[in-house]
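Structure, as structure tokens:
No lab work stands behind these numbers, since they all come straight from the coordinates. Owing to the predicted nature of the structure, the values given are computational and were not obtained by experimental measurement.
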């Protein structure tokens, strides 16, 4: 049975993008490992967070998360950098323009070995989220909290996380996050940011079965038909409710 990391002041921000999530995690007092494959975004983040980097509160890794370490092709979306991906089908959706670049790639095991298992793992790596989930199955110690951006594979994500022992789930409508203010830090979440996590999320934790039922009533039917307008999008959050490491 897996154990779950608690009392560790470390967060992994996989899919840093513009750094808005990293900024919140730093403000909450966590150390942050922020990963992004786009070198231009990493350069901007190094400038934005120069003080946190100097104080060793933040490490930025310019790499794609992938099945093995080495190098891979990354498709930079020139119209919407949120959609940039190692998967060209993902990056070039809606006829978007893309530029292909070669970037370093790493694995979750390499990151855990180097930095430790985080308290919270944010997964938002356009088109490679399932690769991160698959790699989690090999660890005896797992993050206490995980969030992953929903897509058409949302139900499978829930089932996979449940198979690792996660037994508390929440479905967060990301379109409602922008403008919310964290009452403890005073941080106001920009539109497009991931928002609160873990015990700061509103509502009760649901069992995997309750989560799937809610998902199929809210986001997509059991047959895969989308129920909600595309102006709304979700993150799936989970935790383990029991003894922790």
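How much of the pair distance distribution for the range 98-245 lies past 17 Å, counting alpha-carbon pairs only, in percent? Cα-Cα pairs in the range 98-245 separated by more than 17 Å: 64 percent. Hey, what D do you get for the range 3-239 in µm²/s if you plug the Kirkwood alpha-carbon radius into Stokes-Einstein at 4 °C and 1.567 mPa s? D = 71 µm²/s. In whole angstrom, the range 148-214 maps to an equivalent ellipsoid with semi-axes of 25, 14, 9, each derived as √(5λ) from the alpha carbon gyration tensor and ordered largest first.
All Cα-Cα separations within the range 83-168 were binned at 10 Å from zero, giving a P(r) of 14, 45, 29, 10, 0, each value a whole percent of the pairs. Between the alpha-carbon centres of the range 4-45 and the range 203-222 there is a gap of 28 Å. Summary of the geometry: the range 94-126 and the range 142-178, compared by the centres of their Cα atoms, lie 17 Å apart.
As a test, work out the antiparallel percent of DSSP beta bridges whose residues both lie in the range 3-239, rounded to the nearest 5. Intermediate values should be presented prior to the final figure.
On the way: 23 of 46 bridges.
Bridges in the range 3-239 that DSSP calls antiparallel: roughly 50 percent.
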